[in-house]
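I have placed the structure first, in the form of structure tokens, so that the comments after it can refer back to it.
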Amino acid sequence: MPASRRTATKLLRLYPEELAQITARAHAYGLTAARFIREAALGPRPKTWHHREADRIIRALARIGRSLEHVARLTRPGLSAAVAKHLADLRAEYHALVEQLIQDGGQGSRRSSQ
């Protein structure tokens, strides 16, 4: 595509609800509605922008997950039933959160300032 400014226009009629949905989805990807429509129409999927805060949370979750796995390995031989159940519940909750992050993908992330 040429590096010049876009000059061609195309009128697109939408219901107000449709425009609201498109705008909300665009903002979830950190894009304007126009750019979202353009990228959705011209490419397989709009690009997401990573948010620094989300990246920090994902790294923290990874550290917690490694710690949980380490504790589980260290305490397995002499674990009481109550401690074992609590640890299993924590691990299940952790894995559910990670799975939710993976499924949500870029939903809700905004364009980073850097």
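Of note:
- Environment charge at ILE64 (Cβ cut-off 12 Å; Lys +1, Arg +1, Asp -1, Glu -1): +2
- Neighbour net charge for ARG6 - beta-carbon separation under 12 angstrom, K R +1, D E -1: +4
- Separation in nanometres of the label points that stand 7 Å from Cα toward Cβ, at ILE102 and LEU14: 3.2 nm
- Nitroxide proxy distance, nm - points 7 Å out along Cα→Cβ at ALA82 and LEU61: 3.1 nm
Any read-out appearing in this document is the output of simple, stated calculations on the displayed coordinates, not a laboratory observation. Just so you know, these numbers come straight off a predicted model, no measurement behind them. Counting neighbours? That spans all protein chains shown, and the Cβs are built from the backbone with ideal geometry, glycine included.
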